[in-house]
Amino acid sequence: MARENPFNVLWLQAASCGGCTMSVLESGASGWFEELRAFGIELLWHPSFSEASGREALSILERVESGEIRLDALLIEGAVLCGPDGAGLFNRLSGSGRSLLDWISRLAPLADYCVAVGSCAAFGGVPAATPDPTDARGLQYSSGDLGGALGVEYRSRVGLPVINISGCAPHPQWIMETLQALSLGLFGGADMDSFGRPKLFADHLAHHGCSRNEYYEFKASAEHVFERGCLMEHLGCKATQAVGDCNQRAWNGGGSCTKSGSTCIACTSPGFERAVGFMRTPKVAGIPVGLPLDMPKAWFVALAALSKSATPKRVSENARSDRIEHGPAPGVEKRK
Amino acid sequence: MTRIVIGPFNRVEGDLEVTLDVADGAVREARVSAHLYRGFEQILLGRPSEDALVIAPRICGICSVSQSLVVAAMLRAAQGATPAPNGLLLTNIAHAAENVADHLTHFYLFFMPDFARASYAERSWFDAIEARFKATSGTCLREALPARAGLLEIMGLIAGKWPHSLAFRPGGVAHAIDLGGKMRLLAILARFRGFLERAFFGAPIEAVASLRSAEDLDAFVTSAGRSGDFAAFVRIARDLRLHAMGFGPGLMMSGGAYLGAAGHYFPSGVFDARKAALRAFDLAEAREDVSHAFMRESDPNPAKAQTLPDVHREGAYSFAKAPRLSGEPVEVGALARQAVAGHRMIRDLIARAGASNVLARIVARALEIALLAQAMEDWIGDIELKERFCAPDAPTRDGAALGCVEAARGALAHWASLRDDRYTTYQIVAPTTWNFSPRDSAGRPGPLEFALQGLEVGEDGAASIAVQHVVRSFDPCMVCTAH
């Protein structure tokens with residue numbers, strides 16, 4: 001695993017909340033910096049952690065810009081603000097007088113790999129929500145449309161489009177596994193989905209492995225957020241439409257959104273921030289508008305009707321309770 | 001006079017620029033700038049009330065639970081709802097976990113690495129401190145980061161994930177825990193206490209919580225064989241006279257922290273460090289001035305204001321507005337919270353310097369870590385598993401609603417107006433908006449600007465390490481400041 005040269009990473013924050021940094025900082029049993037070192041990943045500069053400040057920090061950026069320091073990967077956290085009027089002045093890098101739009105446009109072509117950390121850098125994210133006051137864009141997408149701050153044609157030095165580790169915030173391991181694979185030269189175009197998201201999380205749906213699966217199967221639905229039933233029918237859950245292995249990984253030691261009663265808002269999807277009424281399911285004639293990806297509507301309606309009629313009392317009553325009212329009846333382990 | 005610009009002023013949350021006018025080796029005037037504006041207050045307008053629970057936490061990835069809870073408090077006011085007591089307990093446990101994690105992150109990742117800079121190489125303590133606290137490579141990180149991640153496992157249980165969760169509701173929390181969950185919470189706290197007592201305090205947390213004066217503190221950190229990172233800091237701080245540096249302007253306030261059935265665990269109030277006087281906290285006295293902000297004029301009352309950005313405004317140097325309480329700048333944060341609460345050691349540290357100062361700010365955070373670790377254990381014990389964890393939502397009433405909580409960095413308030421459950425106004429004043437506000441129309445500097453005035457920077461100018469200590473002692477969160 002040891003590299004001859006360090007894998008040079010520059011991490012910049014544009015219009016971000018800093019949450020992606022906070023997330024990745026949870027990574028590593030001996031801490032994030034040890035984990036980076038184990039893979040030969042060198043942080044040229046990170047706004048939250050590096051000793052270099054002010055003039056020292058600008059000097060590092062300028063040496064990267066001039067080509068004096070090799071840039072293996074440019075990691076951007078946060079949306080790129082193009083407003084007002086394309087000038088980018090809603091977000092300037094302190095001490096430099098220059099917009100982040102300008103810095104990122106100059107640095108991205110110099111990087112072997114360009115990585116969007118989080119949905120803001122990938123697609124625009126919450127700052128791009130209506131009325132999009134700052135013309136916030138992702139690096140290569142504006143919401144679901146190709147383009148973004150770097151343009152449709154952008155390719156990094158190895159010929160890849162921007163790698164979009166979406167999520168708000170992404171799981172720490174989505175960030176680290178992608179970065180580790182990049183550092184080892186093991187990540188290529190075939191490892192990304194059609195929106196540039198690493199398949200290592202994007203080949204799954206957030207729904208896969210949901211602890212509420214039995215309620216989903218029987219369409220036994222919660223009507224209040226604190227009930228244990230499925231969150232899809234009434235409470236806006238988009239886990240059957242959103243990519244992410246969210247329910248197959250442990251978040252903060254064992255959690256997930258749907259486990260905690262947080263409905264899935266599809267935070268890995270381009271344009272998720274455009275929803276109005278995140279926690280209410282839009283319906284037409286009583287049927288949810290957003291049905292599971294690639295499932296024919298008629299089938300879904302028929303199956304839902306069938307499974308609702310077959311729901312065991314245990315499942316239907318637990319679904320409307322804030323706790324387990326009825327445990328499973330003894331089955332194979334029944335006492336003789 | 002020389003003007004120097006320091007930026008990107010890093011190892012803070014977000015991006016910061018500080019401009020200093022220096023004459024005769026001392027800072028004459030300071031200006032603090034936030035150069036990021038995302039428009040959250042504009043984005044929230046016209047949305048259903050509940051959507052603020054999704055949007056507002058995303059202002060800040062380091063105090064996301066605080067942002068969730070202030071929305072929940074504001075909606076509680078708008079709904080006239082009464083929360084479930086268990087919900088408040090789990091809320092307080094999660095909130096304390098975030099705030100303690102923030103205090104730890106500040107200490108180990110943002111503040112202490114400055115003492116490992118080469119400019120201190122001649123100090124007797126340098127070699128040990130450099131090995132322990134050097135940015136990104138100090139040995140402390142191998143302990144402190146896993147301890148932080150371990151503490152944040154509380155979020156996995158209560159909030160699903162951190163940052164950014166939808167688990168916090170006006171009526172409590174969305175997920176009831178069972179007996180296993182309660183035991184896991186206790187186990188997480190026990191493990192975290194182990195880290196604190198072994199590495200951070202080198203002593204039982206009770207020994208820190210019971211310190212009553214500056215003498216107690218000095219005796220604690222100099223007692224024979226005292227190990228621990230906190231004591232190492234206090235000894236350095238005494239050597240560098242950090243208690244005589246970075247004086248705040250006088251007023252300090254707390255909106256009250258950790259709401260329970262019997263009120264706030266740390267009470268609300270306004271403390272005047274100049275007179276050691278305490279008065280009641282009332283946000284009706286709050287006004288925002290935009291004379292030096294990249295903003296057009298609006299109503300100065302946050303209950304009525306709109307946010308109208310203008311990057312070309314003459315004389316502006318920050319996207320932050322300047323909040324004032326009855327016309328005065330106010331310092332907020334752990335030090336203000338504990339001064340308002342009347343903690344005797346904290347009051348003593350302020351009284352001896354005659355003002356808030358760098359040492360006292362760091363000590364107050366460490367003290368809160370000890371106090372909260374104890375409180376969290378108590379709150380877990382108080383959970384009644386048979387009772388509810390969340391009350392149902394009620395329809396929102398038209399009109400104004402105000403929510404206020406104490407984030408790690410101080411008072412965080414959201415003012416909203418609702419009509420037919422949609423926001424017609426939305427104003428956010430965050431802790432660092434208070435601490436790092438620009439000047440107001442009367443020319444009064446914000447608290448950091450005040451604290452930097454008169455600071456000796458000698459020949460170092462922009463490279464002055466004293467500037468780094470004063471600025472970082474406030475633990476600024478720049479992403480919240482201008483949102």
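Only one of these is surrounded by fewer than 24 Cβ atoms within 10 Å (Cβ to Cβ) and of a type in the set (A, V, I, L, M, F, W, C): B:LEU45, B:LEU16, B:LEU36. Name it.
Values: B:LEU16 fails: surrounded by fewer than 24 Cβ atoms within 10 Å (Cβ to Cβ); B:LEU36 fails: surrounded by fewer than 24 Cβ atoms within 10 Å (Cβ to Cβ).
The match here is B:LEU45.
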Does the stretch A:208-229 contain any residue that is closer than 14 Å to A:SER119 by Cα and of a type in the set (D, E, K, R)?
-> no
Restricting attention to the stretch B:148-160, does a residue exist that is at pLDDT 95 or above, β-branched (Val, Ile, Thr) and buried (at least 22 other Cβ atoms within 10 Å of the Cβ)?
-> yes
State whether one or more residues within the stretch A:86-104 are away from chain B (no Cβ under 14 Å) and at pLDDT 95 or above.
-> no
Given the structure, is A:SER321 in contact (Cβ under 8 Å) with a residue 24 or more places away in the chain, in a loop (DSSP other than H, G, I, E, B), hydroxyl-bearing (Ser, Thr, Tyr) and within 13 Å of chain B (Cβ to nearest Cβ)?
-> yes
List the helices (runs of 4 or more DSSP H) that sit entirely inside the stretch B:179-249 and contain at least 2 residues that are among the β-branched types (Val, Ile, Thr).
-> B:205-209, B:214-222, B:229-239
Flag if B:SER213 is closer than 15 Å to B:LEU367 by Cβ, in contact with a Lys or Arg (Cβ under 6 Å, 6 or more places away or on another chain) and of a type in the set (Ser, Thr, Tyr) | no
Check whether at least one residue in the stretch A:300-316 is closer than 30 Å to A:MET192 by Cβ and not assigned by TED's automatic domain parsing to the domain that holds A:PRO133, and report yes or no.
-> yes
Is it true that some residue in the stretch A:273-291 is more than 7 Å from every other protein chain (Cβ to nearest Cβ), in contact with a helix residue (DSSP H, G or I) (Cβ under 7 Å, 6 or more places away or on another chain), assigned to a helix (DSSP H, G or I) and under 30 Å from A:VAL117 (Cα atoms)?
-> yes
Just one of (1) within 14 Å of another protein chain (Cβ to nearest Cβ); (2) within 22 Å of the chain's Cα centre (by Cα) trips up B:TYR265, so point out which.
-> (1)
Would you pick out the residues in the stretch A:106-155 that are under 19 Å from A:TRP11 (Cα atoms), aliphatic (A, V, I, L, M) and not in a strand (DSSP E or B)?
-> A:LEU107, A:ALA108, A:LEU110, A:ALA111, A:ALA121, A:ALA122, A:LEU139, A:ALA149, A:LEU150
Starting from the stretch A:36-50, take each residue that is on the phi > 0 side of the Ramachandran plot and list its partners that are part of a loop (DSSP other than H, G, I, E, B), counting only C-beta distances under 6 angstrom and pairs at least six apart or across chains.
-> A:GLY40/A:ARG3; A:GLY40/A:PRO6
Listed by first then second residue, the pairs whose first member lies in the stretch B:421-437 and is within 30 Å of B:GLN453 (Cα to Cα), whose partner is assigned to a strand (DSSP E or B) and among the acidic types (Asp, Glu), with beta carbons under 7 Å and at least 6 positions apart or on separate chains, are B:VAL429/B:GLU288; B:ASN435/B:GLU331
Given the conditions (1) touching a strand residue (DSSP E or B) at 6+ places or on another chain (Cβ under 8 Å); (2) surrounded by fewer than 23 Cβ atoms within 10 Å (Cβ to Cβ); (3) free of Cβ contacts under 8 Å to residues at least 24 places away in the same chain, and given that B:ASP24 satisfies all but one, which numbered condition is not satisfied?
-> (1)
Hey, can you tell me all the residues within the stretch A:1-45 that are part of a helix (DSSP H, G or I), among the acidic types (Asp, Glu) and facing chain B (nearest Cβ under 7 Å)?
-> A:GLU34
Test: B:LEU166 is touching a residue at least 40 places away in the same chain (Cβ under 8 Å) and within 13 Å of another protein chain (Cβ to nearest Cβ) = yes
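This table checks each residue for (1) among the aromatic types (Phe, Trp, Tyr); (2) closer than 27 Å to A:ARG157 by Cβ; (3) surrounded by 24 or more Cβ atoms within 10 Å (Cβ to Cβ).
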site	(1), (2), (3)
A:GLU77	no, yes, yes
A:LEU100	no, yes, yes
A:TYR113	yes, yes, no
A:ALA116	no, yes, yes
A:VAL126	no, no, yes
A:ASP132	no, no, no
A:ASP135	no, no, no
Being within 12 Å of chain B (Cβ to nearest Cβ) and in contact with a helix residue (DSSP H, G or I) (Cβ under 6 Å, 6 or more places away or on another chain) is the filter here, so list the residues in the stretch A:62-85 that pass it.
-> A:GLU77, A:GLY78, A:ALA79, A:VAL80
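So which of A:ALA190, A:ALA222 ends up being outside the structural domain of A:GLY125 (by TED's automatic domain parsing) and either over 23 Å from B:GLY181 (Cβ atoms) or not charged (D, E, K, R) (or both)?
Among A:ALA190, A:ALA222, only A:ALA222 is outside the structural domain of A:GLY125 (by TED's automatic domain parsing) and either over 23 Å from B:GLY181 (Cβ atoms) or not charged (D, E, K, R) (or both).
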Determine which member of the set B:ALA336, B:ALA320, B:ALA353 is farther than 30 Å from A:GLY95 by Cβ and among the aliphatic types (A, V, I, L, M).
-> B:ALA353
Out of (1) under 29 Å from A:PRO133 (Cβ atoms); (2) free of Cβ contacts under 8 Å to residues at least 60 places away in the same chain; (3) crowded, with 21+ Cβ neighbours inside 10 Å, what's the single condition that is false for A:ARG197?
-> (2)
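Output the helices (runs of 4 or more DSSP H) that fall wholly within the stretch A:171-231 and possess 1 or more residues being modelled with pLDDT of 95 or more and under 19 Å from the mean Cα position of the chain (by Cα), or say none.
Where helices (runs of 4 or more DSSP H) fall fully within the stretch A:171-231 and carry at least 1 residues being modelled with pLDDT of 95 or more and under 19 Å from the mean Cα position of the chain (by Cα), they are A:172-183, A:199-202.
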Looking at B:ALA364, B:ALA400, which is the one that is away from chain A (no Cβ under 14 Å) and not in a helix (DSSP H, G or I)?
-> B:ALA400
List pairs: first in the stretch B:176-198 and within 15 Å of B:ILE93 (Cα to Cα), second surrounded by 19 or more Cβ atoms within 10 Å (Cβ to Cβ) and of a type in the set (Phe, Trp, Tyr), Cβ under 6 Å, 6+ apart or cross-chain?
-> B:ALA176/B:PHE389
Does B:ARG117 meet the test of being surrounded by 20 or more Cβ atoms within 10 Å (Cβ to Cβ) and touching a residue at least 60 places away in the same chain (Cβ under 8 Å)?
-> no
Mind checking whether some residue in the stretch B:414-432 is part of a helix (DSSP H, G or I) and buried (at least 19 other Cβ atoms within 10 Å of the Cβ)?
-> yes
Being more than 9 Å from chain B (Cβ to nearest Cβ), in contact (Cβ under 8 Å) with a residue 40 or more places away in the chain and either over 20 Å from B:ILE55 (Cβ atoms) or more than 21 Å from the chain's Cα centre (by Cα) (or both) narrows A:VAL243, A:VAL301 down to just A:VAL243
Only one of (1) within 10 Å of another protein chain (Cβ to nearest Cβ); (2) within 30 Å of A:ASP112 (Cβ to Cβ); (3) of a type in the set (A, V, I, L, M) fails for A:LEU184. Which number is that?
-> (1)
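The values are calculated or read from the model by the stated rules, or taken from the named source; none is laboratory data. Predicted model, so just to flag it, every value in this text is computed and none were measured. Every residue, glycine among them, receives a Cβ derived from its backbone with ideal geometry; neighbour counts consider all protein chains shown.
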